[in-house]
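Student: After the C-alpha cells below, expect a handful of questions from me.
Each value in this text was obtained by applying a stated rule to the coordinates, not by laboratory testing. Everything numeric here is computed off the predicted structure, so don't read it as measured data. Note that we place each Cβ from the backbone using ideal geometry, even for glycine, and neighbour counts take in every protein chain shown.
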Amino acid sequence: MVRKNLAKVVERIASACQKAGRDPAEVKVVAVTKTHPPDVIRQAIEAGINNIGENRVQEAEIKYREIDADVAWHLVGHLQRNKVRKALTMFSMIHSLDSRRLAREIEKESAKLDKIIPCLIEVNTSGETSKFGVEPDGLAELVTEVLKAEHIKLVGLMTIGPFTEDQDRIRRSFTLLHELRDRVENIFGCYLPHLSMGMSDDFEIAVQEGSTMVRLGRVLFGPRQSI
C-alpha cells in the first residue's frame with residue numbers, strides 16, 4: 001500500500017513542479033508516521049522513503065529504538081524545552097524552532113553533545129491562534145538569536161497551512177513563507193535552502209510555491225493508527 005501511495009504522491013509532486021517550472025528532485029518527502037507503528041515505518045523505508053517525520057519526542061523514541069535503518073529523523077511537531085536533550089539524540093533536523101527560549105535551550109544542549117543540529121524556524125503564516133510558530137513580525141529577532149548560536153545551523157523556514165478549503169488563503173500562507181525566507185536571506189546574508197511546507201491536503205499548492213520538504217502522513221499511510 002505504501003509503495004503505491006508513494007508512487008501516486010511522486011506523480012502529483014512532478015505535476016505540481018511542472019506547473020511551477022521546478023525540478024521534482026528539489027522536493028523531499030518527509031513521511032510523517034505519527035500514531036503509526038514501526039512496521040509501517042519499515043514499509044515506508046522498503047518503498048524508498050529515507051526521511052521519517054515524527055510529531056512527539058516520546059513517541060519517536062519508541063520507534064527510533066526499533067528501526068535499524070539509515071534514515072533521517074525529522075521532528076516536525078512542537079518541541080517543549082524539557083524534551084530538547086532527548087530530541088537531540090534522535091533527530092537529524094528540527095522543523096519547529098519557534099522561540100528565543102527554545103533556541104537557547106537547543107544551543108545549550110547541543111553544546112553539551114558537541115553537536116551541530118540543522119533547524120528550521122517555524123513561522124505562523126496563517127494568523128491562526130491555534131498554531132505554534134513565531135509571528136512574521138518577530139522573525140527577524142528570532143533569526144538574530146539563532147544565528148548567534150554556534151551549535152544550531154539555520155537551514156530554512158517551516159509553516160503549517162491554514163485549516164480551510166480556501167485554496168487562495170492556503171496559497172497566500174505559503175507565498176508569505178517564501179517571501180519571508182527571501183527577505184531573511186537578503187537582510188542577514190545567509191543561505192536558507194529549505195522551505196518545509198505542505199501536508200496531505202495542500203502539498204501540491206506548497207510545491208508550486210517553492211516547498212522543498214512536504215510532510216506527508218495520511219496520503220501515504222491512510223488514517224492514523226495507534227502504536
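Student: Looking at the chain as a GNM with Cα springs under 10 Å, which of A20, A31, A60 has the largest mean-square fluctuation?
Tutor: Between A20, A31, A60, it is A20 that shows the largest mean-square fluctuation.
Student: When the convex hull of the C-alpha atoms of the chain is computed, what volume per residue in Å³ does it have?
Tutor: 121 Å³
Student: On a straight-distance basis, which lysines could pair with K112 in a cross-link, Cα separation under 24 angstrom, same-chain partners fewer than 8 positions away excluded?
Tutor: K83, K86, K148, K153
Student: Follow-up. State, in angstrom, two size descriptors of region 59-110 derived from its alpha carbons: Rg to one decimal place and Dmax to the nearest whole number.
Tutor: Answer for region 59-110, Rg first and Dmax second: 11.2, 34 Å.
Student: Okay, moving on. Residues with amide H under 5 Å of L154's amide H, sequence separation 5 or more or different chain, H placed in the peptide plane at 1.01 Å from N; which?
Tutor: C119
Student: Could I have the simple spin-label model distance between D114 and I187, label points 7 Å from Cα toward Cβ, reported in nm to one decimal?
Tutor: Calculated label separation equals 3.6 nm.
Student: Sticking with this one: Round to a whole angstrom and tell me the spacing of the C-alpha centers of region 148-167 and region 94-108.
Tutor: Distance between centres, Cα-based: 13 Å.
Student: Taking only C-alpha pairs under 8 Å that are 6+ residues apart, what is the relative contact order of the chain in percent?
Tutor: Answer for the chain is 22 percent.
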